[in-house]
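J.: Below is the structure I would like to discuss, written out as structure tokens.
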Amino acid sequence: MNAIAQLLTQDAIVLTAKPVTKEALFAEAAKALGQRLGVSEAMIHDCLKMREQLGSTGLGQGVGIPHGRLKGLRQAAGMFYRLNTPIPFDAPDNRPVDLAFFLLVPEQSTEEHLQLLSELAQHFSDPELREKLRSSTEAAEVLTLFASNNV
């Protein structure tokens, strides 16, 4: 199993997210990640917002990878969101985002952070995977897609 698939569980996959702005999506994800990880929702939200201020985490092709390094986090964590309606994300191709993978890593995990971001970018560069993620109806399907997509 690849490193990205190891970050996900079925409760870390949301296939019907309804936020209509990037800010609303970040708030929803920060709340969910905070509950899953036992970490302050505000800390997660601030971490994601600070990273986004450096430049958009939109990759293009409808994909965003909001991420950050979080003080006090013990191990990397992720959540996958598929949005019902794509939202503006300031991506390089100006396409709105409907697939978002939130990635948090411990503050000192620079190498792991870069490795996971690289793997995510490789996963999402596959048009067939993006299409399957957009049409999946079950969280288990999404887990299988990430696990079987060898990077």
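The values are calculated or read from the model by the stated rules, or taken from the named source; none is laboratory data. Computed from a predicted structure; not experimentally measured. Backbone-built Cβ (ideal geometry, glycine too); neighbour counts: all protein chains shown. Calculation scope for accessible area: heavy atoms of the full protein, side chains included, ligands and nucleic acids excluded. Shrake-Rupley method; radii C 1.70, N 1.55, O 1.52, S 1.80 Å.
Condition check ((1) among the polar types (S, T, N, Q); (2) at pLDDT below 95; (3) surrounded by 17 or more Cβ atoms within 10 Å (Cβ to Cβ)) across all residues:
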{"site": "Arg95", "(1), (2), (3)": "no, no, no"}
{"site": "Phe101", "(1), (2), (3)": "no, no, yes"}
{"site": "Gln108", "(1), (2), (3)": "yes, yes, no"}
{"site": "Glu112", "(1), (2), (3)": "no, yes, no"}
{"site": "Leu116", "(1), (2), (3)": "no, yes, yes"}
{"site": "Pro127", "(1), (2), (3)": "no, no, no"}
{"site": "Lys132", "(1), (2), (3)": "no, no, no"}
{"site": "Asn149", "(1), (2), (3)": "yes, yes, yes"}
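J.: One residue is enough: does the range 73-83 have a residue meeting the conditions of a type outside the set (Ser, Thr, Tyr), within 15 Å of the chain's Cα centre (by Cα) and open to solvent by 60 Å² or more (accessible area, probe 1.4 Å)?
T.: No, the range 73-83 contains no residue that is of a type outside the set (Ser, Thr, Tyr), within 15 Å of the chain's Cα centre (by Cα) and open to solvent by 60 Å² or more (accessible area, probe 1.4 Å).
J.: Filter the range 134-147 down to the residues that are open to solvent by 30 Å² or more (accessible area, probe 1.4 Å) and not aliphatic (A, V, I, L, M), then identify the one that is nearest to the chain's Cα centre (by Cα).
T.: Within the range 134-147, the match that is nearest to the chain's Cα centre (by Cα) is Arg134.
J.: Looking only at the range 104-126, count every residue that is part of a helix (DSSP H, G or I), under 17 Å from the mean Cα position of the chain (by Cα) and farther than 17 Å from Asn2 by Cβ and tell me the total.
T.: Residues flagged as part of a helix (DSSP H, G or I), under 17 Å from the mean Cα position of the chain (by Cα) and farther than 17 Å from Asn2 by Cβ within the range 104-126 amount to 0.
J.: State all residues of the range 105-117 that are without any contact (Cβ under 8 Å) to a residue 24 or more places away in the chain and either over 17 Å from Gln75 (Cβ atoms) or among the charged types (D, E, K, R) (or both); if no residue qualifies, say none.
T.: Across the range 105-117, the qualifying residue is only Glu111.
J.: For the subset of the range 36-62 comprising residues that are in a strand (DSSP E or B) and open to solvent by less than 60 Å² (accessible area, probe 1.4 Å), which member is farthest from Gln75 (Cα to Cα)?
T.: Among those residues, the one meeting the criterion is Gly60.
J.: Moving on to the next point. Looking at (1) part of a loop (DSSP other than H, G, I, E, B); (2) surrounded by fewer than 19 Cβ atoms within 10 Å (Cβ to Cβ), which is the one condition that is false for Ala24?
T.: It is condition (1) that Ala24 fails.
J.: Give all pairs with beta carbons closer than 8 Å in which a residue from the range 52-74 that is closer than 19 Å to Thr21 by Cβ meets a residue that is open to solvent by 70 Å² or more (accessible area, probe 1.4 Å) and assigned to a strand (DSSP E or B); count only pairs at least 6 apart in sequence or on separate chains.
T.: Ile65/Leu59
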